[in-house]
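*Asks:* Here it is, the structure in full.
Values quoted throughout were computed directly from the atomic coordinates according to the rules given, and no laboratory measurement underlies them. What you see is a predicted model; the values in this text were computed from it and never measured. Every residue, glycine as well, gets a Cβ built from its backbone with ideal geometry; the counts of neighbours run over all protein chains shown.
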């Protein structure tokens, strides 16, 4: 196991607090990531493919927050870090919250 | 109109952004206020009756944030500032969000 893979700490959505879930979705950059993930199939998007107005370090931080909130699952495939939105599991823990976030972005 | 009453700026829930709504409910003290309001009838609770671990100034700030997010309506009645949870209007704007917040506080 590489150091890179070891750094991928995930949280089961069932273990996520309401506070952590709200904190995770309260950031507009993270909502953009969630909406783009929801628009495509699982594991289709690598982290680097998101057009975000932030530094690489900040981007990594946002993905770490999303993992810790049970919203995103990641796995490394060669040089790419692929993503899956954990929609069914998160919906079960916090019904309706992702639907609100994923609605028309003009809602922001 | 007294200076005190003039200071009561409200926002129609229909005009509230998702960002402002999420920011408002992301604070645990504000969630406590919302849950206590939901537990009783409209206009039954004055601001001073909430047992909150904050200063008076911070308490006023929390209520101002809740008003600005379309979550709480207030009116002065003599020396008391009474509160109403704007549940139907807020539910219409952000379906399901208040239900999540008002659920069992152990969800925090």
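*Asks:* For residue A:51 and residue A:89, what is the calculated FRET efficiency with R₀ set at 25 Å and r taken between the beta-carbons, to the nearest 0.05?
*Replies:* The pair residue A:51/residue A:89 has a calculated efficiency of 0.40.
*Asks:* Cα axis of helix B:28-38 to longest principal axis of chain B: angle in degrees, 0 to 90, nearest 10?
*Replies:* In chain B, helix B:28-38 runs at an angle near 80 degrees to the longest axis.
*Asks:* Between A:89, A:36, A:77, where does the largest GNM mean-square fluctuation fall for chain A, given springs only between Cα atoms within less than 10 Å?
*Replies:* So, out of A:89, A:36, A:77, the one fluctuating most is A:77.
*Asks:* Work the Kirkwood hydrodynamic radius out for the stretch A:10-108: mean of 1/r over every pair of different alpha-carbon atoms, inverted, in Å.
*Replies:* By the Kirkwood definition, the hydrodynamic radius is 13.5 Å.
*Asks:* Continuing with this model, one more query. Can you compute the helix-only [θ] at 222 nm over chain B? Use -39500 (n - 2.57) per DSSP H run of at least 4 residues, normalise by all residues, nearest 500 deg cm²/dmol.
*Replies:* Estimated from H runs of four or more residues: -12500 deg cm²/dmol.
*Asks:* Could you identify which residue out of B:13, B:88, B:79 has the top mean-square fluctuation in a GNM of chain B using Cα springs shorter than 10 Å?
*Replies:* Residue with maximal mean-square fluctuation among B:13, B:88, B:79: B:79.
*Asks:* Enter the Cα centre distance for the pair the stretch B:50-108 and the stretch A:1-75, rounded to the nearest angstrom.
*Replies:* Computed from Cα coordinates, the inter-centre distance equals 30 Å.
*Asks:* Let me ask something else. Among B:55, B:32, B:11, which one shows the biggest mean-square fluctuation in a GNM of chain B, springs joining Cα atoms closer than 10 Å?
*Replies:* B:55
*Asks:* Also, quick follow-up: What is the spin-label model distance, in nm, from residue B:68 to residue A:58 if the labels are put 7 Å beyond Cα along the C-beta direction?
*Replies:* Going from the residue B:68 label point to the residue A:58 one covers 2.2 nm.
*Asks:* List the relative contact order of chain A as a percent without decimals, with contacts defined as Cα pairs under 8 Å and 6+ residues apart.
*Replies:* Result for chain A is 35 percent.
*Asks:* Determine, at each q value in 0.11, 0.12, 0.13 (inverse angstroms), the log₁₀ of I(q)/I(0) that the Debye formula gives when each Cα of the protein assembly as shown is one equal point scatterer.
*Replies:* -0.60, -0.69, -0.78
*Asks:* Still on this structure: Taking the rotation that carries B onto A, look along its axis and tell me which residue of B has the beta carbon nearest to it, distance in whole angstrom.
*Replies:* Chain B residue with minimal Cβ-axis distance: B:96, 1.
*Asks:* Between copies, how far apart are the residue A:75 label points? List them in nm, one decimal, shortest first, with each point 7 Å from Cα toward Cβ, please?
*Replies:* Counterpart label points of residue A:75 in the remaining copies fall at 5.9 nm.
*Asks:* Still on this structure, I have one more. Hey, with R₀ at 25 Å, roughly what FRET efficiency would residue B:35 and residue B:77 work out to, going by the Cβ-Cβ distance, to 0.05? Can you show the working numbers first?
*Replies:* Numbers: r = 23 Å, r/R0 = 0.91.
With R0 = 25 Å, the Cβ-Cβ based efficiency is 0.65.
*Asks:* Within 10 Å of each residue's Cβ, count the other Cβ atoms and sort B:29, A:16 from fewest upward.
*Replies:* Values: B:29 16, A:16 20.
With the fewest neighbours first, B:29, A:16 line up as B:29, A:16.
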